[in-house]
Amino acid sequence: MGDLFQPWHIIILLVLFTVVISVIRALKGGGRLGSILVLRKFEVNPDPSAEVHLVIVGRAKGLGGLLLTLLRISPESSLMVRKTDLTMDRSGLLGREHILIPLNKVQGSKSGYHRPVFAFAIACIFILTFLCIILVEANSNERIGSGEPANSIVILGIAAIALAVFFYKRTLQITIGSGHFTTGMRFKRSILENVTVDLDQLIHASDVLDHTILAAQRAPHADIPVTTAATISCNHCGNANLPGTKFCENCGTTL
C-alpha cells in the first residue's frame, strides 16, 4: 500500500479538486455582486448624444473560468448603460439572467476598489515570525541568522510577496441601487485578455454613469398623457360643470 500511494498523489488530488470546484463555480456564470469577475471589456463614452455610455464585460475568475475561456465556452456577465436604462446580463452553461432597470428609477450608484485583506494578514504574520526569530536568537546570544538563514530568507520572501499582492491587486466595483434592489459588478484586471483599468478610469466611468442617471431623471418622462373629460360652461357665470349636470353648481342656472 505504501508503494502504491505516494505523498505527491495527495498534491494531484488537491489540484484536481481545485480545478473541479473552479469549473463548477464558473459554470454558474458569476456576476452576482459578491462574485469577482475577470475583466474582458471596459468601454466608456462620455458623449451625451451617444446611445451607449458604459459597457463592462467580465468572465468567471479562477482556473475553471480560464479553462472555459480557452474552450470558447466561457460564461460572461455584462453591464450596459444606455440613455434611458441599464441592463445586466448574467449567463453560463447552467442558465441566463437578464435585468433591466430604467435610469429614472435608479436611486444611486457607488464605485470604488478594495485590496485583499488576507494578503496583508499573511504579510503581518510572516513579518512577526521573522521578528520572533530575531528576538529568540538575540536572547540565546547567537548571531542573527546563524541558525538556519534559509528559513529567514523564505519568511521574508513570503512577506514581501504578500505585501506586493496587497498593494498591486485591486478589486474594482460599480454598484447601482434601485429601491430594495441592488445590482452591479466587481471585477479585476485581466492579463490574459490584456484589459487593464486603473483608478482614474473607474472614477471617469463613475462620473459618466452619474451624469447619465441625472440626465435621465431630469428628462421629461414618456408617460401616457392624462386626459380630462370635457366640461360644460355656464352661460350665466362661466363656471365649469361636469358633463351630465342639468343645473350650474355655482349659480343654479339651467344648463
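In the set (1) closer than 16 Å to VAL38 by Cβ; (2) of a type outside the set (A, V, I, L, M); (3) in contact with a helix residue (DSSP H, G or I) (Cβ under 8 Å, 6 or more places away or on another chain); (4) modelled with pLDDT under 75, GLU193 fails one condition alone, (3). Count of the stretch 148-177 residues, restricted to those that are modelled with pLDDT under 80 and among the small types (Gly, Ala, Ser), is 2. Residues that are over 28 Å from ILE203 (Cβ atoms) and assigned by TED's automatic domain parsing to the domain that holds ASP200 were ranked within the stretch 90-131; the one that is modelled with the highest pLDDT is HIS98.
The values are calculated or read from the model by the stated rules, or taken from the named source; none is laboratory data. From a predicted model like this one, the values you see are computed outputs, not experimental measurements. With ideal geometry, Cβ positions are generated from the backbone for all residues, glycine too; neighbour counts draw on all protein chains shown.
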